[in-house]
Amino acid sequence: MNYFGTWITFRNEVEPMEKIEKSVVIIDDEPITRMDLREMLENQGYRVMGEAADGFDAIELCRQYLPDVVLLDVKMPLLDGLSAARVINNENLAGTIIMLTAYNEKEFVNEAKISGVGGYLVKPIEETQLIPNIEIAVARNMEFQKLRKEFEKVSERLENRRLIEQAKGIVMDKKGISEQEAYDHIRKLSQMKNISMKRVSEIILSNTGV
C-alpha cells in the first residue's frame, strides 16, 4: 500500500525496457477488471509492467516504466483518468493511452481527445476488442512519432539556414565581400574549428567583432 492508501503492484525482476516489445500498465480501481485485463494481455504476449488503482499511481508507474501502452480507467479515486492522462502526455511518460470507461457519451469523447489519448474502450471489455484497439493505437503512435521526428529535422534545417543567412550578412558587411565569399568564410571556420556551421553562425551573431 502506498502513501495515498491505495494498492499498487509491480513486476519482480523487470527486464530492461529496450528488450520489451510492447509494455503495458493497467490502471483501474476494480481489482477484478485489472485481473481480467492482465490475463488477456499476457495471453497475447504483452508484458504487464504494473497495476494501480488511481491517477496518482498511474503517473508514477508511467514515470518508472515509460510503457508503450497505458490502459487507464476514467472514474477513479483521488485523481481521475483524464487528469492523469493529461499529465502523462504532457511529460511524455508513455507511448499511447487507451481510456476505459462505462460511458459512451460525446462529452467524454471530446474530453478524451483534448487529453491526448489514443483511443477508448467501453466496459465490459472483451479480448476481441482490446487487442485490436491496442495494436491500432500503438501503430498510430509510431506513425505520429515518425512524423514528429521528420518535422523536427525540417525545423532544425530551417533554423540552421536562418542563422547562417544572418551570419553571412554580418560577414559581408564587416569584410566587404560577396555572399558566396561570406558563406565560404563560415564553412572554412567550421572546418578549422571542427564545429557546425550553425555554431559558427551563432558565434558570429553574438560577436560583433568578427
Quiz item: Taking amide hydrogens as modeled 1.01 Å from N in the peptide plane, which residues meet the under 5 Å criterion relative to Lys123, leaving out close sequence neighbours?
Solution: Thr101, Ala102, Tyr103
Quiz item: Which ³J(HN,Hα) values, rounded to whole Hz and listed in residue order, are derived for the stretch 65-80 from phi using the Karplus coefficients 6.51, -1.76 and 1.60 in 6.51 cos²θ - 1.76 cosθ + 1.60 with θ = phi - 60°, glycine and proline given as x?
Solution: 10, 6, x, 6, 9, 10, 9, 10, 5, 7, 8, 9, x, 6, 8, 6
Quiz item: Which whole-Hz couplings ³J(HN,Hα) result when phi for each residue of the stretch 163-172 is put into the Karplus expression 6.51 cos²θ - 1.76 cosθ + 1.60, θ = phi - 60°, listed in order with x for Gly and Pro?
Solution: 5, 5, 4, 5, 5, 4, x, 5, 4, 4
Quiz item: Rg and Dmax of the stretch 154-206, Cα atoms, in Å?
Solution: 10.3, 32
Quiz item: Hey, which of these cross-link pairs are over 29 Å Cα-Cα: Lys22/Lys198; Lys75/Lys146; Lys153/Lys175; Lys175/Lys198?
Solution: Lys22/Lys198; Lys75/Lys146; Lys153/Lys175
Quiz item: Order of Arg34, Arg86, Arg140 from fewest to most other C-beta atoms within 10 Å?
Solution: Arg140, Arg86, Arg34
Practice problem: Over 21 Å, how big is the tail of the calculated P(r) for the stretch 40-183, in percent of all Cα pairs? | Solution: 54
Quiz item: Extent of the stretch 110-210 along each principal axis, from alpha carbon coordinates, in Å, largest to smallest?
Solution: 75, 26, 19
Quiz item: Which order results if Tyr46, Tyr183 are arranged by neighbouring Cβ count within 10 Å, fewest first?
Solution: Tyr183, Tyr46
Practice problem: Return Ile32, Ile131, Ile26 ranked ascending by Cβ neighbour count within 10 Å, so the fewest neighbours appear first. | Solution: Ile32, Ile131, Ile26
Exercise. May I ask you to evaluate 6.51 cos²θ - 1.76 cosθ + 1.60, the Karplus curve with θ = phi - 60°, for each residue of the stretch 47-61 and list the ³J(HN,Hα) values in order in whole Hz, giving x for glycine and proline?
Key: 9, 7, 7, x, 10, 8, 10, 8, x, 4, 5, 4, 4, 5, 4
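Values in this text are rule-based calculations from the coordinates and carry no lab data. Here the structure is a predicted model, which means the values were calculated and not measured. Neighbour counts run over all protein chains shown; Cβ positions are idealised from the backbone, glycine included.
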